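Asks: Dumping the structure here so I can ask a few things about it.
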Amino acid sequence: MKQIKTAKQLTFTYFSIVAFAIIAFHFSMFTSMIENIEMIYAENRMLKDKNTAVSLLNGTDLTHVSVPPFSEVYVGKENLPSGVVLAANAKDDKPYELDKESDTTLEMFSMHSRVMLNGELKDIYVIHYDEIYEISEAQMFETQSTQLVLSLLLLIVSLWVVMRISDRLTKPLAQLSKSLGERTPANLSAIELPEGAATREIRHLVDRLNSYQNQIRELIQRERAFNRYASHELRTPLMVMKGATTLLGKSDSKEFLERQRVRMVQACQEMEDYITTLLSLTRDEDLAAIASRVVQTSEYEDIRQTHLGYLTGKSVAVDIVENGQIITKLPIPTFHILVGNLLKNAMACTEEGYVNLVISDNELSIVDTGCGLSGKPGGESYGLGLMIVRDICAKYNCSFSLADNCSADNGALGCTATVVFPSDTQCSQ
């Protein structure tokens, strides 16, 4: 398996590569510059010495003349010293180093030119060697070596600084990794910010991890809630069906049998609605792909009729007040569970008076004259039905609130449960 390097190792490796590249580039540029300066100097010097030699050779039969202090000029290739081997493919009036075959250890230059001497066009060769420049070049390399050592020291200091910065940047990540490794799978508490996490990226990373952990926690809570809701909410219709089945054998009256059949049908429908709703709460859906619909008046009446049985023995009136219409993406079973749970909760808290279902534009309220929030254990959180309502509202972006009503003398007189549906919902019909 390929070994994965740490951030410090990668920092050292990349810095070393960059440092080596900088040093190599610097040295090659300096060497190239020295050679170019030497070539330019030699060319200018030899052109000047060539002109001087031409003036000295005109009117004479000389084949060799010295041009102090650094050049020797020869007329004709045959008059060159035996140890001199010219560079191949040399161009006129351009300086070239002598070929390696030359019998000399000095860095000498040659230049070929065709000039008019005593009325004739002749070849002349300028041989140039500047001992002072060679000494100066060596001194320049010594100076450059000193600069190179200083550059290396500077790079070492820079490496130390970069490694310190790398350590400061990676230390919070190492602490965060260690902290996550020590956490148990059941520990979904908020992740603490590591010490020294001064960078914005580390803070954002911790925030994103906490956000992701919250999503996992909510998913687990939804799964647990599904089990809890299913075991609680499905028990009632099952008991109704069991009771109706038992009663079927006690009478042959058609009216009695029909009444039990209706009870069983309602219980089956209630179970189906709960199962559909609870399963929908545990899965993700694209709400944008769900068509909107207008809630019909008959739906409110069906919900009211279904739950009137909870008022047996109570002097409570249940009325529907329509002041507008609701456009929603909630499926019919889910909408019935939402309103039904609020209605059941209000009926359970009301011994006398009324429970009104008030419909406004994209807003639904259940108003009762019951005991209020303080009259039941747990206050606003009373009943699993309200928990289901909150989960439905959270999934379909609805706003849910529950508050005490106030009488004229500021005393509590029941409470109002309100669901506000998204106002940007457009009906597709």
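The values are calculated or read from the model by the stated rules, or taken from the named source; none is laboratory data. Only a predicted model underlies this, so the values are computations on that prediction, with no experimental measurement involved. Every residue, glycine as well, gets a Cβ built from its backbone with ideal geometry; the counts of neighbours run over all protein chains shown. What goes into the accessible areas is simple: the full protein's heavy atoms, side chains included, and nothing from ligands, DNA or RNA. Shrake-Rupley method; radii C 1.70, N 1.55, O 1.52, S 1.80 Å.
Asks: Dipole magnitude of the range 1-91 about its Cα centre, charges +1 at Lys/Arg Cβ and -1 at Asp/Glu Cβ only, in debye to the nearest 20?
Replies: 780 debye
Asks: Would you mind working out the magnitude of the charge dipole of the chain relative to its Cα centre, with +1 at each Lys and Arg C-beta and -1 at each Asp and Glu C-beta, to the nearest 20 Debye?
Replies: Once rounded to the nearest 20, the dipole reads 2340 debye.
Asks: So which aspartates and glutamates can Lys91 reach, going by Cα to Cα under 13 Å and dropping same-chain residues fewer than 8 places off?
Replies: List returned: Glu43, Asp123.
Asks: Given H placed 1.01 Å from N in the peptide plane, which residues other than close sequence neighbours of Leu193 have an amide H under 5 Å from its amide H?
Replies: Result for Leu193 returns nothing.
Asks: Given the -39500 (n - 2.57) contribution per DSSP H run of 4+ residues, what per-residue ellipticity at 222 nm results for the chain, rounded to the nearest 500 deg cm²/dmol?
Replies: It comes out at -18500 deg cm²/dmol, rounded to the nearest 500.
Asks: Residues with beta-carbon under 14 Å from that of Asn44, excluding Asn44: net charge, scoring Lys, Arg +1 and Asp, Glu -1?
Replies: Computed value for this residue: -1.
Asks: Then there is this: Tell me, what HN-Hα J-couplings in whole Hz come from the Karplus equation 6.51 cos²θ - 1.76 cosθ + 1.60 at θ = phi - 60° for each residue of the range 308-313, using x for Gly and Pro?
Replies: The phi angles translate into 5, x, 6, 9, 4, x Hz.
Asks: For the chain, what does the relative contact order come out to in percent, with C-alpha contacts under 8 Å and a separation of six or more?
Replies: 9 percent
Asks: Summing Lys, Arg as +1 and Asp, Glu as -1, what charge do residues with Cβ under 15 Å from the Cβ of Ile202 carry, Ile202 excluded?
Replies: +1
Asks: With charges set only on the Cβ (+1 for Lys and Arg, -1 for Asp and Glu), what does the dipole of the range 264-370 come to about its Cα centre, in debye to the nearest 20?
Replies: 120 debye
Asks: May I ask you to rank Lys50, Lys91, Lys254 by accessible area, largest first, using a 1.4 Å probe over the protein chains only?
Replies: In descending accessible area the options line up as Lys254, Lys91, Lys50.
Asks: Taking the Cβ of Val85 as the centre, find all other residues whose Cβ is under 15 Å away and add up their charges (Lys, Arg: +1; Asp, Glu: -1).
Replies: -4
Asks: As I understand it, the dipole of the range 1-99 uses +1 on the Cβ of Lys and Arg and -1 on the Cβ of Asp and Glu, about the Cα centre. Which of Ile17, Met39, Asn79 lies farthest toward its positive end?
Replies: The Cα lying farthest towards the positive end belongs to Ile17.
Asks: Let me ask something additional. For Gln325, list long-range residues whose amide hydrogen, built 1.01 Å from N in the peptide plane, is under 5 Å from its own amide hydrogen.
Replies: Asp361, Asn362
Asks: Here's something else I'd like to know. Quick one: which residues, 5+ away or cross-chain, put their amide H under 5 Å from the amide H of Val67? H built at 1.01 Å from N.
Replies: Glu72, Val73
Asks: Right, something else. For the pairs Lys50/Lys100; Lys8/Lys171; Lys242/Lys344; Lys50/Lys77; Lys77/Lys122, flag any whose C-alpha to C-alpha distance is greater than 19 Å.
Replies: Result: Lys50/Lys100; Lys242/Lys344 exceed 19 Å.
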